[in-house]
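Structure first, then comments.
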Amino acid sequence: MDVPKDYMTTLLDHGLFASAQMLGCFLVSSSSISLETSPHLKAENLVLLGDALFREKEYRRAIHTYKQALHCHRLTPKQNASAVRSSLSSSTRSSSPNSFNISAINENEVKFKIASSHCALNENRAALLEMEGVPSKARNLQMNLMMGKLYRNSRHTRAAITSYKECLRHCPCIIEAIIALAELGVAAKDIISLFPQTPTRGARSTFDHFDSSRWLQRYVEAQCCIASNDYKGGLEFFAEILRRFPNNIHILLEMAKVEAIIGKTEEAITNFEKVRSIDPYVITYMDEYAMLLKLKSDYSKLNKLVHDLLNIDPTRPEIFVALSVLWERKDERGALSYSEKSIRIDERHIPGYIMKGNLFLSMNRPEAAVVAFRGAQELRPDLRSYQGLVRSYLAISKIKEALHAAREAMKAMPQSAKALKLVGDVHASNTTGREKAKKFYESALRLEPGYLGAALALAELHVIEGRNGDAVSLLERYLKDWADDSLHVKLAQVFAATNMLQDALSHYQAALRINPQNEAAKKGLERLEKQLKGVDPDAPEEDEDNDVEDADADQEEAELL
């Protein structure tokens, strides 16, 4: 008695893949269907088994099984092929690659399934090789999208653009393709021109079509602005879309990500929290949110976030970056391994590279940090990778390289105060460049008067050159609008340097009220308290046990030797 094929297709259709896999073993080993007499039936059965294996995430076995199916298919006599197809047409199930279920063998669809299995194993080159065997005219929407991703991962930019454009010609609402084309440098008008023009019968329907597609055009313009580092323009377009689609999670996340990149910390946190209040199970960009919570020293929220994410899906790269952020304070090496794990899961995950670079900097490994930030930049240059590169090059005294990276940022973002500050930071690292640094910091403040980072850097420059009064008056102007712990710390440091200890004390205390975890404020306050007691804060601390301990250690070393 043979296994009825209908049972196998029923199991697959109902998502019972484990059962389908076991039943498939009976189906392909049936003695009544041999390779010699019925290669087309053998091929069909093998594809069904491959589908079950794919859905059970046994990708290696799926690839092997699909390839066996192709081998059998190619043994089918040519003259019988049309008869086989007609005999199978009555029982044909969905041939959509999305369902991964076919009845009659379609060689191109089986190749797509093999490529999908390779993609699941992060074997992009093997997947691309398989897909290139599918004629371009035979590729459907899903195949073109996969081709775009594979070409992009392989840095075949022109081929990737062609594949993504083909997707939008068939369906303009493929958001992935829009984002990819924007990041690959395609102009907004060229992307919009790909959208099919819907034929209309009257003026009313023309207006409706225009109105309904306007948000999509605005979306394209927003993504193209962000890809070209015009963050302000991108945020304005997103805000316009949000007015039409209130509480749109995708738009709120896109806005929060951009705000995080450009240092609008409070706005980004607000949007991330709004997303989590609407849908607490979102994982997308939650590692960016984790970085902001760490920046604000809000460890209770950070702990809860990581705990929640682990309960949702512990396999996503965002979760390993969030874990890296959480562990940074306790164990930098452990945090580094988490950031590396996120990149192993998804080699295009930019926050993983940013986190890795920052960890290398804090571990005093600036050369390794350069490699990590360069990795982020190759995927998509943004302000953070430029900032990381400048800090890394300055740490190894490569002033020329740091200046080149800072100027690159300024060229990419001509209207960015943060890019101007970056050039100023490089000049400030050299005694001969301080006057230039001052001009860049002042230009940054003219461009963005509320940019606290430039104000703090300029104040530091005033202190270095002995203009403490100028530093105090500059910082006190910002106190009116900013309740920021770093601002109070800088003021405290300036007051302490000019021996105005009580003023310094009040500002250190103010900083710790805002952020009890501020290490600079803790250390500054500890040092200041010694000064107030008349103790030299730079004198080494006495330890009566030191001599004894050292003597014991010396004796142990002598015994070991």
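The values are calculated or read from the model by the stated rules, or taken from the named source; none is laboratory data. Quantities reported herein were computed from a predicted structural model and do not represent experimental measurements. All Cβ positions, even for glycine, are placed from backbone atoms using ideal geometry, and neighbour counts span all protein chains on display. Remember, those area values only see protein heavy atoms, side chains included, never the ligands or the DNA or RNA. Shrake-Rupley method; radii C 1.70, N 1.55, O 1.52, S 1.80 Å.
Figures for the structure shown
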quantity	calculated
With all protein chains modelled, accessible area of Y353 [1.4 Å, Å²]	40 Å²
Anisotropy class of the chain from Cα gyration tensor, a/c 1.5 cut	prolate
Volume in Å³ per residue [convex hull over Cα atoms, computed for the range 449-537]	89 Å³
Computed over the range 449-537: relative contact order in percent, which uses C-alpha pairs under 8 Å that are six or more apart	20 percent
Relative contact order of the chain, pairs being alpha-carbon contacts under 8 Å that are 6 or more residues apart, as %	5 percent
For the range 449-537, accessible area per residue (1.4 Å probe, heavy atoms of protein chains only), Å²	51 Å²
Efficiency of FRET from Cβ geometry, T498 and H64, R₀ 60 Å, rounded to 0.05	0.20
Simple spin-label estimate for M363 and Q415 in nanometres, 7 Å along Cα-Cβ	4.0 nm
Theoretical FRET efficiency, 1/(1+(r/R0)^6), r = Cβ-Cβ of E266 and S31, R0 51 Å, to 0.05	0.10
Gain on full stretching of the segment that runs from K522 to K436 - 0.36 nm per residue minus C-alpha separation	27.7 nm
Heavy-atom surface of the range 123-193, accessible at 1.4 Å and reported per residue (Å²)	50 Å²
Positive-end residue of Q493, A457, G534, charge dipole of the range 449-537 with Cβ unit charges	G534
Extension gain (nm, one decimal) between L75 and S337, 0.36 nm per residue minus Cα-Cα	89.4 nm
Within the chain: Cβ-based charge dipole about Cα centre, in debye rounded to nearest 20 (Lys, Arg +1; Asp, Glu -1)	3740 debye
Percent RCO, i.e. relative contact order, over the range 228-326, from Cα pairs under 8 Å lying at least 6 residues apart	22 percent
Given charges at Cβ of Lys, Arg, Asp, Glu: the chain dipole, positive-most of A419, C224, S337	C224
Members of K480/K530; K149/K411; K232/K523; K330/K356; K304/K341 lying beyond 27 Å, as alpha-carbon distances in this model show	K480/K530; K149/K411; K232/K523
The range 449-537, accessible surface, carbon-and-sulfur percent (1.4 angstrom probe)	51 percent
Phi-based couplings in Hz for the range 474-483 (Karplus 6.51, -1.76, 1.60; Gly and Pro marked x)	5, 5, 5, 5, 7, 4, 5, 10, 10, 9
Karplus-derived 3J(HN,Hα), 6.51/-1.76/1.60, for each residue of the range 297-312, Hz, glycine and proline x	6, 8, 6, 5, 5, 5, 4, 5, 4, 5, 4, 5, 4, 4, 7, 8
Lys/Arg +1, Asp/Glu -1 at C-beta; the chain dipole; positive extreme among A182, I350, V258	A182
Simple Cβ-charge dipole of the range 449-537, Lys/Arg +1 and Asp/Glu -1, about Cα centre, in debye nearest 20	160 debye
Calculated [θ] (222 nm, deg cm²/dmol) that DSSP helices of n ≥ 4 give over the chain, each run adding -39,500 (n - 2.57)	-23000 deg cm²/dmol
